Amino acid sequence: MSRSDHDHEHDHAHPAGSRFSEVEVRVKALESLLVDKGVVDPAALDRLIDSYEHRIGPRNGARVVARAWTDPAYRQRLQRDATAAVAELGYGGAQGEHMVVVENSARVHNLVVCTLCSCYPWPVLGLPPVWYKSNAYRARAVVDPRGVLRDFGLELAGDVEVRVWDSTAEIRYLVLPERPAGTEGLSEAQLAELVTRDAMIGVARAGPAPGGKP
Amino acid sequence: MNGVHDMGGMHGFGPVQPERDEPVFHHDWEKKVFALRFASGAMGKWNIDMARHANERMPPAEYLAATYYERWLNGLERLLLERGVVTRRELETGRSDAPLPAEDRARVLRAGAVDGVLTAGGNYRVDQDIAARFAVGAAVVARNIHPPGATRLPRYARGRRGVVERDHGVFIFPDASAVGGRKPQHLYSVRFRARELWGDAASAHDAVYLDLWDDYLDPAQPA
């Protein structure tokens with residue numbers, strides 16, 4: 001992959017004598033224009049950033065998954081109307097208006113991508129990681145899903161059906177991973193700890209159980 | 001638009017490289033771009049399809065070299081200009097030549113309204129009685145069309161046969177709403193066998209599901 005796919009590695013040119021990169025200067029200019037003109041409220045910007053740094057993230061989705069693992073009736077509601085079932089736990093809204101949950105099993109493995117931009121279910125997973133937005137993932141997930149899974153260290157048996165969900169519309173997908181073996185005694189909160197962001201995108205499995213083999 | 005944003009199936013970008021313990025944002029300017037874009041968008045001067053199409057119109061060589069939030073920044077500047085929120089001169093100087101008109105000021109996203117706006121989200125479903133052209137289980141073929149404007153039909157699916165797996169109901173149609181129009185219609189989850197899309201080198205077991213509108217589909221003989 002090109003280095004430019006990773007913005008944390010991306011070297012921005014610093015104009016001579018400036019401690020700010022060109023993009024920083026551009027963003028500062030745009031921010032001061034929009035504040036000055038009254039287009040944006042600086043306190044609203046802070047609240048938006050804080051929401052996605054601290055409030056809206058993959059722990060939300062993990063609670064949905066753990067509830068589905070422990071409550072068969074909830075799991076059924078999740079299958080029937082995921083938007084409503086997710087809302088029962090208090091999640092929903094921007095970029096999660098129309099949710100669908102897809103279930104992994106011994107036979108089926110689901111993987112979510114957006115090849116055209118980077119659509120992602122914000123209310124349950126927060127903002128997407130850099131790799132999800134990378135050219136490499138967007139290009140390969142549909143044509144070589146098993147190769148992408150190998151990049152994450154996940155090797156699937158040949159007879160497992162891989163279903164790739166390309167988020168081309170306003171439907172947002174959440175993967176319900178398989179409940180790890182050996183977790184029968186765990187509480188819902190303990191189970192939620194085993195559910196990673198990557199497992200809910202479909203590039204990893206949940207778990208393992210504490211003390212269990214990966 | 002047959003742009004470089006339509007990446008499904010391209011080769012040469014190398015492996016996917018996850019970052020351990022990745023922060024939500026890597027730089028303060030990324031936070032600002034995210035928030036500026038969200039807050040400006042909340043004024044209602046453009047819709048989600050206009051916003052996506054603004055990103056897609058970044059010159060292709062620049063798009064490929066840019067990071068995600070650089071694309072967002074480029075798209076935001078384009079939207080602010082095209083929708084008449086700021087002038088070219090204001091964008092170049094970074095200084096306001098005139099305050100926002102009073103009728104727009106009332107629509108500015110205030111801090112106290114942020115939580116409510118996030119919780120409400122948008123509504124892309126249309127409560128209108130429009131007939132579905134396809135039933136669940138119908139064999140369909142994605143149209144071989146190449147609209148120069150916004151579209152959500154990826155190139156890799158055009159001309160390929162699939163099966164309607166689910167009818168999501170009536171939704172706004174992006175190709176129309178990206179230019180301020182309205183053409184609500186049924187949206188379906190369509191299953192394409194991996195081999196139908198990618199040939200015999202693909203796994204016989206695998207499939208790709210796309211969400212596609214009536215205007216992207218024709219009836220087909222079963223694959």
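What net charge do the residues around B:P174 carry, taking every other residue with its C-beta under 14 Å from that of B:P174, with Lys and Arg at +1 and Asp and Glu at -1?
That sum, taken over residues with Cβ under 14 Å, equals -3.
How do B:K183, B:K31 rank when sorted from fewest to most other Cβ atoms within 10 Å of their own Cβ?
Ranking B:K183, B:K31 by Cβ neighbours within 10 Å, fewest first, gives B:K183, B:K31.
I want to check the label-to-label distance for A:E53 and A:S187. Put each point 7 Å from Cα in the C-beta direction and report it in nm to one decimal.
3.1 nm
Helix-only estimate, please: 222 nm mean residue ellipticity of chain A, summing -39500 (n - 2.57) across DSSP H runs of length 4 or more and dividing by its residues, to the nearest 500.
That calculation yields -11000 deg cm²/dmol at 222 nm.
Could you give the radius of gyration (one decimal) and Dmax (whole number) of the Cα atoms in chain A, in Å?
So, for chain A, Rg and Dmax equal 19.7, 63 Å respectively.
Test of understanding: extend the Cα→C-beta vector of B:L64 to 7 Å, then name every residue of region B:1-32 with backbone N under 19 Å from that spot.
B:1-17
Calculate how steeply helix A:22-37 sits against the longest principal axis of the alpha-carbon atoms of chain A, using the helix alpha-carbon long axis, and give the answer as 0 to 90 degrees to the nearest 10.
It is inclined by approximately 80 degrees.
Treating the Cα atoms of chain B as identical point scatterers in vacuum, please give the log10 of the normalised Debye intensity I(q)/I(0) at q = 0.08, 0.10, 0.11, 0.12 Å⁻¹, two decimals.
-0.38, -0.60, -0.72, -0.84
Give me the net charge of B:H186's neighbourhood, meaning all other residues with Cβ under 12 Å from the Cβ of B:H186; Lys, Arg count +1, Asp, Glu -1.
Result for the local shell: -1.
Cα to Cα, under 17 Å, and not fewer than 8 places away if on the same chain: which aspartates and glutamates meet these conditions relative to B:K32?
Partners within reach: A:D7, A:E22, A:E24, A:E31, A:D36, A:D41, A:D46, A:D50, A:E53, B:E70, B:E77.
Given the protein assembly as shown, what whole percent of its Cα pairs are spread farther than 27 Å?
54 percent
Normalised by the number of residues in chain A, what is the relative contact order in percent for Cα pairs under 8 Å and 6+ residues apart?
That works out to 23 percent.
First measure r as the distance between the Cβ atoms of B:N144 and B:R182, then evaluate 1/(1 + (r/R0)^6) with R0 = 22 Å and state the FRET efficiency to the nearest 0.05.
Efficiency computed from Cβ-Cβ geometry: 0.30.
Got the relative contact order for chain B handy, in percent, Cα pairs under 8 Å and 6 or more residues apart?
20 percent
Based solely on C-alpha atoms, express the radius of gyration and the Dmax of region B:139-219 in angstrom.
That works out to 13.1, 42 Å for Rg and Dmax.
When all alpha-carbon pairs of region B:28-120 are counted, what percent fall beyond 23 Å?
Of the Cα pairs, 26 percent sit more than 23 Å apart.
Taking H as built 1.01 Å from N, whose amide H comes closer than 5 Å to the amide H of B:G169, not counting residues under 5 places away?
Close amide H contacts, sequence-distant or interchain: B:L187.
Under a cut-off of 30 Å between alpha-carbon atoms, report the lysines in cross-link reach of B:K183, not counting same-chain residues fewer than 8 places apart.
Here the lysines satisfying the reach criterion relative to B:K183 are A:K133, B:K45.
Taken together, the values in this text are just the output of simple stated rules run on the coordinates, not laboratory data. All of these numbers come straight from a predicted model, not from anything done at the bench. Glycine also receives a Cβ, built like all others from the backbone with ideal geometry; neighbour counts cover every protein chain displayed.
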